[in-house]
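> Next up is a structure, given as structure tokens.
The values are calculated or read from the model by the stated rules, or taken from the named source; none is laboratory data. All of these numbers come straight from a predicted model, not from anything done at the bench. Using ideal geometry, Cβ is built from the backbone for each residue, glycine included, and neighbour counts are taken over all protein chains shown. The accessibility values were calculated without ligands, DNA or RNA, using every heavy atom of the protein model including side chains. Shrake-Rupley method; radii C 1.70, N 1.55, O 1.52, S 1.80 Å.
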Amino acid sequence: MLKTYLLILTTVCMLLAGCSSRHTPAPVTSLSSGKSSSSQKIHIKNNRYQVQKGDTLFAIAFSANKDVRTIAQINGIKPPYVIYPGQMIYVENPQNKNKKRKKYTISTDKSSKKKQKNNKITKKELDQPKQREYVQKHSSKNDNESKVIFSNKVRWRWPAVGKVTKRFSSKENGYKGLQITNVEGAPVKAAADGVVVYAGSALRGYGNLIILKHNDDYLSAYAHNSKLEVTEQQKVKVGQKIAEMGSTDATKTALRFEIRFRGQAVNPVKYLPSK
């Protein structure tokens, strides 16, 4: 009888201890076995998004066309960017909008108008794309022979064999990558050394997607795969097989390949070696 009483008492104590130890929801990173388990597509509405199980901050930033560091700063999240289901993530700082309104207040004074005109010219000059500062020109024979390009300490190579059927467009709604067509199951390889920061299917229009981080500035994305062969947080080497080509969330079997510089899509051709 005494043994039974002690057993019941021990069980109750263990249950109470377990309940009292959990004050916050488990982080997303501990809820995923490596591949994203989110069943809901990432849909950013009114510049905010509520985190679902399996989401990562890199995937949210990618979907918003933002640098992950910018999103982290807005939301007060520090590396390694752990987020929680139910957490609200803002992709723009509301305070910035108020600052912009004050900054561009129109004055009726002639001298103020002239000053604003000069400021606009200066601002236009400052806003010119600085991408060419980070991309080296490669036209030597050695580059063509090695089929590898070094850009901003990143060693780039083509991610798949096949025909390029769509190219990068700088238009607002243009195609923001390269479409490389081949047969189902054709190998998809890492375009550079990196770490897998996303592997799943929660981003609309990308199907089974892998995102690699190469350094603080560069990401690469591999979409529409039939099979993913890497998991999140895994380190990969340039040329390593990471997926098999497919047609998930697409109308044809092809790889959609993107390179992002500080959150913005750039033309991959400027980085890849000439064929």
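> Taking K and R as +1 and D and E as -1, what net charge do the other residues with C-beta under 13 Å from the C-beta of residue 49 add up to?
+3
> In addition: Among 241/275; 213/241; 171/252; 45/166; 78/189, which pairs are too far apart, with a Cα-Cα distance over 26 Å? Can you show the working numbers first?
Details: 241/275 20 Å; 213/241 16 Å; 171/252 23 Å; 45/166 29 Å; 78/189 30 Å.
Violating the 26 Å Cα-Cα cut-off are 45/166; 78/189.
> So, one more: With label points built 7 Å along Cα→Cβ from the Cα atoms of residue 95 and residue 247, find their separation and express it in nm.
Placing both labels 7 Å beyond Cα along the Cβ direction yields 5.1 nm.
> So what's the net charge close to residue 217: Lys and Arg +1, Asp and Glu -1, counting the other residues with Cβ under 11 Å from its Cβ? List each step's numbers first, then the result.
Values: positive: 69, 153, 213, 260, 262; negative: 67, 216.
Charge balance near residue 217 sits at +3.
> Out of the total accessible area of the range 163-270 (probe 1.4 Å, heavy atoms of protein only), what percent is carbon and sulfur? Spell out each step's value before the answer.
Numbers: 2030 of 4580 Å².
Using a 1.4 Å probe with all protein chains present, the range 163-270 comes out at 44 percent carbon and sulfur.
> Moving to a separate point now. Could you report the accessible area of residue 274 in Å², rounded to 10, computed with a 1.4 Å probe on the protein chains as they sit in the structure?
Surface accessible to solvent at residue 274 totals approximately 60 Å².
> Accessible area, 1.4 Å probe, largest first: how do 82, 197 sort?
On the way: 82 45, 197 10 Å².
Ranked from most to least accessible, the order is 82, 197.
> Taking the solvent-accessible surface of protein heavy atoms with a 1.4 Å probe, what is the per residue accessible area of the range 48-90 in Å²? Intermediate values should be presented prior to the final figure.
Values: 2000 Å² over 43 residues.
With all protein chains present, the range 48-90 gives 47 Å² per residue.
> For the range 163-270, what is the accessible area per residue in Å² when the probe is 1.4 Å? Please list the in-between numbers first.
Working: 4580 Å² over 108 residues.
Per-residue value: 42 Å².
> May I ask you to order 60-67, 182-189 by the average number of other C-beta atoms within 10 Å around their residues, highest value first?
Details: 60-67: 20.9, 182-189: 16.5.
So the peptides 60-67, 182-189, ranked by packing, come out 60-67, 182-189.
> Follow-up question, since we're still on this one. In the range 48-90, what percent of the accessible surface is made up of carbon and sulfur (1.4 Å probe, ligands and nucleic acids excluded)? Write out the running numbers ahead of the final one.
Details: 940 of 2000 Å².
The computed percentage sits at 47.
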